[in-house]
Amino acid sequence: MPTVFMLLVGFFVSFTTLNAQSSFLSVEASQQITSFRFTDSNGNIDQDYAPVYNGAYNLGYLYDFGNGAFARTSVGMRKAGATLVYDASNYQWDLQYFQFKLGGGYVYDMGRFSPYLAISFYYGYLLKANQRLNNENFDIKKDGSVTKGDAGMYFSPGVKFELSESMSAYAEYSYLMGFKNIEATSDGQKANNKASMITVGLSFAIQ
């Protein structure tokens, strides 16, 4: 986590020393549908996990290169989890991550209304994790049954609408694909975070 943090700080500082007119700060909120991609020790994917609805919040920085390409980074909070009914028992997982994102993309300038596509890598540090079995709660971060980190990618098509010379609004759909096995056990089972989300945000030019 410290290494990722230092890379993101360096990225932010290097871009903010460039042309400030091409730099933007953003605030955004997301409505998520999250679940797990669970693979058992025989390599079979369990299709019985059901999604849950939760949110995410980010503060970001974007640098526009002026030719359609842009780079962006952000920090924020993201929830994750899923539900499962197994052997007459109800399971629910609630996880919360502090997350760093770093990526870029391309925007097609159509005036005030501009579509774009972005791809970002993320690293999430687990803040808390709860498993609910029927009416009992278990701290699965404390007992070590889940890993303390998660990593993966976002794929995000979206649209930007220019409100003024210094402010824009945007909306995007994102698909999160986790690469890291969040199962801390070594019995061959794998669980990866996955999510679909709608994000709305505002960006402000740095003067």
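Tabulated data for the structure shown
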read-out: In sequence order, calculated HN-Hα J values of segment 49-56 (Karplus, 6.51, -1.76, 1.60; Hz; x Gly/Pro); value: 6, 10, x, 10, 9, 7, x, 8
read-out: Sorted largest first, extent of segment 64-110 alpha carbons per principal axis (Å); value: 57, 23, 13
read-out: Coarse-grained scattering of segment 61-170 at q = 0.10, 0.20 Å⁻¹, given as base-10 log I(q)/I(0) from a Debye sum over alpha-carbon atoms; value: -0.46, -1.01
read-out: Lys, Arg +1 and Asp, Glu -1 on Cβ, resulting dipole of segment 61-168 about Cα centre, debye, nearest 20; value: 160
read-out: Of Lys194, Lys79, Lys141, the one that fluctuates the most in a GNM where the chain has Cα springs shorter than 10 Å; value: Lys141
read-out: Difference of contour (0.36 nm per residue) and Cα-Cα distance, Arg132 to Phe113; value: 2.4 nm
read-out: Two-decimal ratio, the chain, of alpha-carbon radius of gyration to 2.2 N^0.38 Å; value: 1.13
read-out: Helix-only mean residue ellipticity at 222 nm for the chain, each DSSP H run of n ≥ 4 adding -39500 (n - 2.57), per residue, nearest 500; value: -2500 deg cm²/dmol
read-out: R0 of 22 Å, Cβ-Cβ distance Tyr175-Ala151: FRET efficiency to nearest 0.05; value: 0.90
read-out: Calculated diffusion of segment 98-158, Stokes-Einstein form, Kirkwood radius summed over Cα pairs, 20 °C and 1.002 mPa s, µm²/s; value: 149
read-out: Likely footprinting exposure, Ile119, Ile140, fewest C-beta neighbours within 10 Å first; value: Ile119, Ile140
read-out: The chain, dipole about Cα centre (Lys/Arg Cβ +1, Asp/Glu Cβ -1), debye to the nearest 20; value: 320
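Each reported figure results from applying straightforward, stated rules to the coordinates on display, with no laboratory input. From a predicted model like this one, the values you see are computed outputs, not experimental measurements. So basically every Cβ, Gly included, is an ideal-geometry build from the backbone, and we count neighbours across all protein chains shown.
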